[in-house]
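For reference, the structure is listed below as structure tokens.
The values are calculated or read from the model by the stated rules, or taken from the named source; none is laboratory data. Everything quoted here is computed from the prediction, not taken from an experiment. Neighbour counts are summed over all protein chains in view; Cβ atoms, including those assigned to glycine, are modelled from backbone coordinates with ideal geometry. Note: areas computed on protein heavy atoms with side chains; ligands, DNA, RNA excluded. Shrake-Rupley method; radii C 1.70, N 1.55, O 1.52, S 1.80 Å.
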Amino acid sequence: MAFLFLLTGCRNKSEQLPGQAQVAPADHLEHLIQASHPSLLDEGPVELTLVQWLDSDGWPKGFSIEIESVICRDVKCEIIPVQMFFDVLGNYQKIELRFGDELTKMDHIPFSDEDYDKLQQILSNRTSALRNIKADQVVTPEQAMEKKAVDGISGATALTEEESIVEGAAYTSYTLWHWANNPDIQAQAHTLTAKLAVEDQLLGFLDMGNEQYLHFAVDQLIAKKLFGEVARSAVTTQLGPDKDRTVKPVMRYLEAATTSTGQPHYFQFIEENFHSLEDQTRVRMLESMQATSLQAPDGFMDSISRWLPKLKTYYEVHLLLELLDSKNPGSPVTTEQATRLLEHENFLIARRSFWFLEEQELTPSQAEKVNSFHKKH
């Protein structure tokens, strides 16, 4: 879905004029943006004001936007302004109504407390079935009133009122869900937060235990070329027990740090930490080494070939032998370490080393061991 940034429309409520005394940072910025909605596809994107909220240090802390409870082309609809709030990455958090306003269902029945609770659950569900529903599949309030039918989802759609809508307010549920989970708003929130986020805030994102924030922080640390010791330490400490899914962004950051600084941060971290990590994390690290285009320092490949006898799983041995064969071919050190695996208690590992050694130039002693293994098995 296309979107357009209109950052030139940014208005800072506390913007200083010439000759004024220094003022405190603004608590918010306003950005004119354009965003699309399934109910407005025929009309194209609409212009909205996205408010970016800031803390006392000027760091971004979230967003809000005012939208209408339903998209209605008929004055019969009851349209309520809704303030919708998002976190700094554009993830929906909550809605608020003006004092005295309330959302209503068919026949102008006000939402109950239970209805508001259910709506909150619906809007917070980013994988809701509503994401696949087209606007013309939803009975609008105008249509419902004309047909004197219950505002709901059309019969061909596989949705239940219990799961995806507030009963009697399907179109409101649909309208608000597509604003709450709007890709245009989310993309612009990412861009606006990236513009203002400083190193300390990005490092704070790393410690939130949230994979989305981790990837965002790593992307921005790379984009801003923040590769100092504090940042490197903060990123690499994301690796640990049950954190194998963090390996890719961590290794990507270390690759960028090595490229930018000319220092072998990527390879130093691997050599110093490989054996302290869990099996799955080591596997992801080996996959990263296979894929990287970085040139390893002299002696690095021979050094890591000494890991071979210490590895316990077949897949790790397989990956490391593939890596050494492609990036350090013909190494006598690697051949000697692989020969030791012929006596491994795991026969699959021993056989994998045999296949590797068949393609290598061997000493007479090594050749004898390989031939012995071949005769035995």
Please say if the range 304-344 is rounded, prolate or oblate, where rounded means a/c under 1.5 for a ≥ b ≥ c the square roots of the C-alpha gyration tensor eigenvalues, and otherwise the choice is prolate for a/b larger than b/c and oblate otherwise? oblate
Carbon and sulfur %, accessible surface of the range 191-288 computed with the full protein complex present, 1.4 Å: 47
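Using only Cα atoms, figure out Rg for the range 253-377 and give it as a multiple of 2.2 N^0.38 Å.
That ratio works out to 1.11.
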Hits among aspartates and glutamates - C-alpha to C-alpha of LYS118 under 13 Å, sequence gap 8 or more where chains match: GLU161, GLU162, GLU163, GLU167
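What do the square roots of 5 times the Cα gyration tensor eigenvalues come to for the range 175-303, in whole Å, largest first, as semi-axes of the equivalent ellipsoid? Spell out each step's value before the answer.
Details: eigenvalues 180, 56, 33 Å².
Working from the Cα gyration tensor, I get semi-axes of 30, 17, 13 Å.
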Can you give me the accessible area per residue for the range 251-353, using a 1.4 Å probe, in Å²? 48
Looking at the range 189-251, I'd like the Rg to Rh ratio, where Rg is from alpha-carbon atoms and Rh is Kirkwood's inverse mean 1/r. 0.94
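Measuring with a 1.4 Å probe in the full set of protein chains, what accessible area per residue, in whole Å², belongs to the range 205-248? Kindly include the intermediate steps, with their values, before the conclusion.
Values: 2360 Å² over 44 residues.
For the range 205-248, the per-residue accessible area is 54 Å².
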Tell me the carbon and sulfur percent of the accessible area for the range 29-120, rounded to whole percent, probe radius 1.4 Å. 49
So how far, in whole Å, is the C-alpha centre of the range 188-259 from the one of the range 302-338? 31
Please tell me which of these pairs span more than 25 angstrom C-alpha to C-alpha: LYS134/LYS248; LYS195/LYS225; LYS310/LYS369; LYS61/LYS105? LYS134/LYS248; LYS61/LYS105
Net charge (Lys, Arg +1; Asp, Glu -1) of residues whose beta-carbon lies under 13 Å from that of LYS61, LYS61 excluded, is -4
Paired Rg and Dmax values of the range 306-377, which use every Cα atom, in angstrom: 11.0, 31
